[in-house]
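Participant: Before anything else, here's the structure in question.
Bear in mind these aren't lab numbers, they're just calculated from the coordinates by the rules spelled out. Everything quoted here is computed from the prediction, not taken from an experiment. When we count neighbours, we look across all protein chains shown, and the Cβ atoms used for this are built from the backbone with ideal geometry, even at glycine.
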């Protein structure tokens, strides 16, 4: 399993880094759109659709909607707003699981939820490319999420006792959450010192980082919630040793639109 994970990572890492940081404009939107559409193919399975034709059809719907959003950039504000509202609701659903599953709306509701997860994440990444720092913003949200994951893993291993969401993801602990949050906040503080942020900018930066990290945890738990309900361990086996695309980007799907919305509120870009 370890060998398989390493080989997959070595093959995909340069492709992913090249796609995220070297492409621009339509090429970037298309690359991210392809990744998100694959996520749609996987989500259809979580929604209860096992037939390949159904899953491919849903992925095509996602792709068509992404194309429409690219042609209508004026909708970006609304897409981000919908994304933020969804992740607030998702927090409540995770906290209330399994009783909250009655609010999912069956298969049609799950398919709609897939759109609420995937489309705002794509929109946020496309916007990052158009704003100041561009690739720096993409790197920033990735570092926040990855640092939180790493910090949570080690602090959870060392100190984890109290379960964070035992009915959703038994392996996560409050101690891990706190450790991951502190790791990302400390990195943000270091960046703020390096860039010479004022006291007010530092405060907003640290608060923003905390919000992004906390919502990224909700993204992870949300996918875990749907996988648990479906009796599925991984979203797919597209990435040998790593599961599926959604298994790799679940935290980012939540973090990206929230991060984009916070940047927009801070005046980083006009929508």
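Participant: Would you give the gap between the C-alpha center of region 14-64 and the C-alpha center of region 170-184, rounded to a whole Å?
Facilitator: Cα centroid of region 14-64 versus Cα centroid of region 170-184: 30 Å apart.
Participant: Here is a further query. Quote the convex hull volume per residue of region 2-265, based on C-alpha atoms, as a whole number of Å³. Please list the in-between numbers first.
Facilitator: Working: hull volume 35.4 nm³, N = 264.
Here the figure is 134 Å³ per residue.
Participant: Between residue 89 and residue 30, what is the label-point separation in nm under the 7 Å Cα-to-beta-carbon projection?
Facilitator: In this crude spin-label approximation the distance works out to 3.4 nm.
Participant: Before anything else, pin down the relative contact order of region 2-265: Cα pairs under 8 Å, at least 6 apart, normalised by residue count, whole percent.
Facilitator: 25 percent
Participant: Using a Gaussian network model of the chain whose springs link C-alpha atoms within less than 10 Å, name the residue from 127, 89, 115 with the highest mean-square fluctuation.
Facilitator: Of the options given, 89 has the highest mean-square fluctuation.
Participant: Which distance in nm do the two modelled labels at residue 99 and residue 237 give, with both placed 7 Å along the Cα-to-Cβ direction?
Facilitator: Modelled inter-label distance: 3.9 nm.
Participant: In addition: Sorting check: for 138-145, 117-124, 91-98, which peptide has the highest mean count of neighbouring beta carbons within 10 Å, and how do the rest follow?
Facilitator: Ranking the peptides 138-145, 117-124, 91-98 by packing returns 117-124, 138-145, 91-98.
Participant: Starting from the exponent 0.38 and prefactor 2.2 Å, build the expected Rg for region 13-144 from its residue count and divide its actual Cα Rg by it. If you can, show how the numbers build up before the last one.
Facilitator: Working: Rg = 15.6 Å, N = 132, 2.2 N^0.38 = 14.1 Å.
The reported ratio for this selection is 1.11.
Participant: With N residues in region 129-194, what two-decimal value do you get for its Cα radius of gyration over 2.2 N^0.38 Å?
Facilitator: 1.32
Participant: Let me ask something additional. Calculated from DSSP H runs of 4 or more alone, at -39500 (n - 2.57) each and per residue, what is the 222 nm mean residue ellipticity of the chain, nearest 500?
Facilitator: Working: 9 runs with 206 residues, N = 271.
Result for the chain: -26500 deg cm²/dmol, rounded to the nearest 500.
Participant: Of the peptides 186-194, 257-265, 163-171, 204-212, how do they stack up when ordered by the mean number of other Cβ atoms within 10 Å, highest first?
Facilitator: 257-265, 204-212, 163-171, 186-194
Participant: Still on this structure, please answer the following. Order 148-155, 128-135, 62-69, 32-39 from most to least packed using the mean count of other Cβ atoms within 10 Å.
Facilitator: By packing density, highest mean first, the sequence is 32-39, 148-155, 62-69, 128-135.
Participant: Testing the spin-label approximation: label points 7 Å from Cα along Cα→Cβ at residue 211 and residue 13. State their distance in nm.
Facilitator: 3.3 nm
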